[in-house]
Amino acid sequence: MSEKLVATKSEKLTAVKGMNDILPPDSARWEWLEDQVRSVMGLYAYRNIRTPIVEPTALFVRGTGESTDIVEKEMYSFEDKLNGEQLSLRPESTPGVVRAAIEHNLTYDGGKRLYYMGPMFRHERPQRGRYRQFYQLGAEALGFAGPEVDAEMMLLVHHLFARLGLRNVRIEINSLGRPAERQAHRVALIAYFEQHFELLDTEAQRRLHSNPLRILDTKNPTMQALVQDAPQLLNYLGDASLQHFDSVKRLLSACAVKWTVNPRLVRGLDYYSHTVFEFLTDELGAQGALCGGGRYDGLFELLGGKPTPAVGWGMGLERVLELIQEQGQTRTAPAPDVYAVIPDADALPMTIQVLNALRAAGISVQMHASLDQNTGSMKSQFKKADASGARYALIFGNDELAQNAVTVKPLRDGGGAQVTRSLTDIAAWASTLQSHT
Ligand code: AMP
């Protein structure tokens, strides 16, 4: 063990900056969100895929793009100490999903609709809505070339947001066309920016030849006018690309989903073609992008697979939860149905059996447990029972147990009077409670 690791032994350790613990009761909001996601994915017949969090660095260099911010500055990369392999924590999931699809020949019998949820890692400056470990939900439709799947992808996100009760989310779309069209536009774009070289900031000057499309994405206010007048990719698209884009727009409109075309939407990653889109809010300050995606027909080949059309998106779940909160939705924290008050440790063997029977009947039970060897005074036990949010306390007193009975004390309004019930009908009584399972 290195000197440095041992020397800090007695210090209090904290989480890595920009990486958050998700604690109860907040974690219940995450579970609720994940349940909604699974349900909506089921409605659209998307199936779950789980790929590793660590992948070869080369996958992202090739798949995400060498001259993207992600690969240039944001990846957590390291050498595997055992075999020297260069590895990275995944900054996004699309390259991993495509790698898995190629490796397991997933599209051999037709297209596949997939979704994933999990942590991604980017070394960014932490701020509200921007973290170094964040959770992404994403969907990928592999092996489908038609505009109907581009539309389906956006309809799915729209449906999910409606299910989550989100309001005021706009959809921006654009088309990046085919590689040859992008190439013609790229040449025009470089020529245009070269003419105005002195107006470019140093970042843009550096990017001019490696990734000029990204200059259009600039947040620099002094470059906005320049970027506004730059050649637009839409003007370089051929008939087939325009037709694809028109179909996507028509299908969205047919479902009464509103969109606007943002000709400057290029997305940060190299692999997109044809449709690109973003779902945005103005209610989260600077981090208003909730979901972004598009078609990436060239990525399979780039990663050594057979040409396979595909389309996908990724969504930041922290931002979605922040927007839900911002818009005033609250969710009650989960609570057990009953809290077991145990006045005397002698009663434990009998009590624990009854509690197990209740759980087997689908009743959620929180058993009193103390920090020390004492069971705790009745007063402190009732305080905890109340704080648990349970509707009833079951009191397992020795006298009642001796007569095969337990006292049921309502803790909330409308719970009726305190009664003593025989253990033989306690499960029947409990089954009248609205169960948690
Ligand atoms: P991207 O892969 O960059 O298109 O990101 C897709 C979505 O993930 C974005 O629209 C955000 O909602 C979310 N996202 C990206 N980076 C971060 C981050 N550092 N922290 C939190 N969410 C993020």
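Evaluated at q = 0.25 Å⁻¹, the base-10 log of the normalised Debye intensity for the stretch 338-434, with identical point scatterers placed on the Cα atoms, takes the values -1.58. Using a Gaussian network model of the chain in which every pair of alpha carbons under 10 angstrom is joined by a spring, one finds that among GLN327, GLN366, GLN224 the greatest mean-square fluctuation is at GLN366.
Note on the chain: dipole from Cβ charges, positive end direction compared against TRP30, PRO410, ALA58; the farthest Cα belongs to PRO410. Charging the Cβ of each Asp and Glu at -1 and of each Lys and Arg at +1, and nothing else, the dipole of the chain about its Cα centre rounds to 380 debye. Shape analysis of the chain yields a ratio of the Cα radius of gyration to the Kirkwood radius, Rg/Rh, of 1.10.
Of all DSSP bridge pairs formed entirely within the stretch 338-434, close to 55 percent run antiparallel. Close amide H partners of ALA393, meaning residues 5 or more places away or on another chain with modelled amide H under 5 Å apart, are TYR339, LYS409, LEU411. Annotation: the antiparallel percentage among DSSP beta bridges lying fully within the chain is about 80. Structural descriptor for the stretch 273-366: relative contact order 19 percent, calculated from alpha carbon pairs under 8 angstrom and at least 6 residues apart.
Given +1 at the Cβ of Lys and Arg, -1 at the Cβ of Asp and Glu and no other charges, the dipole of the stretch 338-434 around its Cα centre is 320 debye to the nearest 20.
When SER88, SER431 are arranged by Cβ crowding within 10 Å, least crowded first, meaning fewest neighbours, the order is SER431, SER88. Of the candidates ILE173, ILE395, ILE53, which one comes out as most mobile in a Gaussian network treatment of the chain with C-alpha springs shorter than 10 Å? Answer for the Gaussian network model of the chain: ILE395.
When you restrict to C-alpha pairs under 8 Å that are six or more residues apart and normalise by the size of the chain, the relative contact order lands at 14 percent. Between GLY294, THR308, VAL266, the Cα set farthest toward the positive side of the dipole of the stretch 261-339 (charges on each charged residue's Cβ, about the Cα centre) is that of THR308. Among the listed pairs LYS12/LYS384; LYS384/LYS409; LYS249/LYS306; LYS219/LYS249; LYS383/LYS409; LYS12/LYS81, those whose Cα-Cα separation exceeds 22 Å are LYS12/LYS384; LYS249/LYS306; LYS219/LYS249; LYS12/LYS81.
Just so you know, all these numbers are worked out from the coordinates, no wet-lab data involved. Given the structure is predicted, the values throughout are model-derived calculations rather than measurements. A quick note on method: Cβ atoms are made from the backbone with ideal geometry, for glycine too, and the neighbour counts reach across all protein chains shown.
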